[in-house]
1. Looking only at the stretch A:53-66, how many residues end up being modelled with pLDDT of 95 or more and open to solvent by less than 50 Å² (accessible area, probe 1.4 Å)?
2. Of these, B:103, B:98, B:82, which one is part of a strand (DSSP E or B), open to solvent by 20 Å² or more (accessible area, probe 1.4 Å) and either farther than 19 Å from residue A:86 by Cβ or not acidic (Asp, Glu) (or both)?
3. Hey, any hits in the stretch A:53-66 for a residue that's assigned to a loop (DSSP other than H, G, I, E, B), of a type outside the set (Val, Ile, Thr), touching a Lys or Arg at 6+ places or on another chain (Cβ under 9 Å) and facing chain B (nearest Cβ under 10 Å)?
4. In the stretch A:76-98, which residues are farther than 27 Å from residue A:66 by Cβ and not in a strand (DSSP E or B)?
5. Taking interchain pairs and intrachain pairs at least six residues apart, which have beta carbon atoms under 9 angstrom, with the first residue in the stretch B:104-117 and farther than 14 Å from residue B:84 by Cα and the second assigned to a strand (DSSP E or B) and of a type in the set (Phe, Trp, Tyr)?
6. What are the residues in the stretch B:1-26 that are closer than 12 Å to residue B:126 by Cβ, in contact (Cβ under 8 Å) with a residue 24 or more places away in the chain and open to solvent by 20 Å² or more (accessible area, probe 1.4 Å), if any?
7. If you take the residues in the stretch A:89-110 that are surrounded by fewer than 23 Cβ atoms within 10 Å (Cβ to Cβ) and among the small types (Gly, Ala, Ser), which one is nearest to residue B:71 (Cα to Cα)?
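The values are calculated or read from the model by the stated rules, or taken from the named source; none is laboratory data. Given the structure is predicted, the values throughout are model-derived calculations rather than measurements. Note: ideal-geometry Cβ built from the backbone for every residue, glycine included; neighbour counts use all protein chains shown. SASA here: full protein model, heavy atoms, side chains in, ligands and nucleic acids out. Shrake-Rupley method; radii C 1.70, N 1.55, O 1.52, S 1.80 Å.
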Amino acid sequence: MTTRPTSHDGPAAPRPPAAPDVSVLLGDWVNTEQGSPQGPLRLSVTRHDQGLAVRAFGTGGPQPRDWGQVSAVAYTAPGTPSAAWSFSATYDFGSLRTVVCAYHKTGILVATTSSVFSGGEHADHWARSFYHRAEGRA
Amino acid sequence: MTPRTVDPAPLAGSWINFDTTATGIRLVGAGIDGGRLMLRITERGAPETAQEALTDGPVTGAVLPAVPLADSIDATTAVAFLAEGPLGSRRAILCGYLNRGLLTLDVHTVDPGDARMPNLMYRAHFYRPEGADPR
């Protein structure tokens, strides 16, 4: 279910001992293919409570242009429990459910977007897309 | 309207992890049951029988339903899948996709029963034992 938490980026709050550092995932991420993108055009990843929130922006079909903000689950790599490198976020658009999974690798974000319809004439589909930080191309 | 069906056949078969030393998923058996794509997951170090009750132990033969996914809204052939469900005590999201004959799997797990266990994501690459498939 889509939620819209009111907290956004801000000073990093002290983390409880068990919470991994999510800083590598934070920021505005821009799809490297702006002309005919696979997946969302942009992802905004922010702190939310003790975890993450993601807001996605698309091209307007089949999802809306502004997907809204949802809570995300952060993941660490095996053997590295102190730092998150990945997240997942689930959007429920009614007849369409979209799961975004992403991981950070050498400065870019790699995201898979799985879109599953509960009806209609569209195929359930998938895309893999790459994102750079918005400030990285100033 | 009838939902456009995505043919899961390209995903079907046995898939073996290339990394013989890695922990995690060792084998994925992708079968089609009544038109549904089902995944049988075997993890490394698994005991002789399914151990669903173990809180942090390996799992043999966990079965997850998966959604076959095409590469566009108009396509009809699967190139990927999404599977969500339990792997033993953990909740898992498996994002798998075909990549030049390989199956790449992004594995995300959360253990809701043990806050000490970190959420994990790892990637693994699988091949078909019968040889390369040029898809």
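1. Counting residues in the stretch A:53-66 that are modelled with pLDDT of 95 or more and open to solvent by less than 50 Å² (accessible area, probe 1.4 Å) gives 4.
2. B:98
3. No, that holds for no residue.
4. Once the filter is applied, which keeps residues that are farther than 27 Å from residue A:66 by Cβ and not in a strand (DSSP E or B), the stretch A:76-98 yields A:78, A:79.
5. That search, which allows pairs on different chains as well, returns B:104/B:97; B:104/B:126.
6. B:13, B:14, B:16, B:18, B:19, B:22 - these are the residues of the stretch B:1-26 that are closer than 12 Å to residue B:126 by Cβ, in contact (Cβ under 8 Å) with a residue 24 or more places away in the chain and open to solvent by 20 Å² or more (accessible area, probe 1.4 Å).
7. A:95
A quick yes/no check of all residues on (1) outside any loop (DSSP other than H, G, I, E, B); (2) modelled with pLDDT of 95 or more:
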residue: B:10; (1), (2): yes, yes
residue: B:14; (1), (2): yes, yes
residue: B:19; (1), (2): no, no
residue: B:22; (1), (2): no, no
residue: B:28; (1), (2): yes, yes
residue: B:31; (1), (2): yes, yes
residue: B:37; (1), (2): yes, yes
residue: B:42; (1), (2): yes, no
residue: B:47; (1), (2): no, no
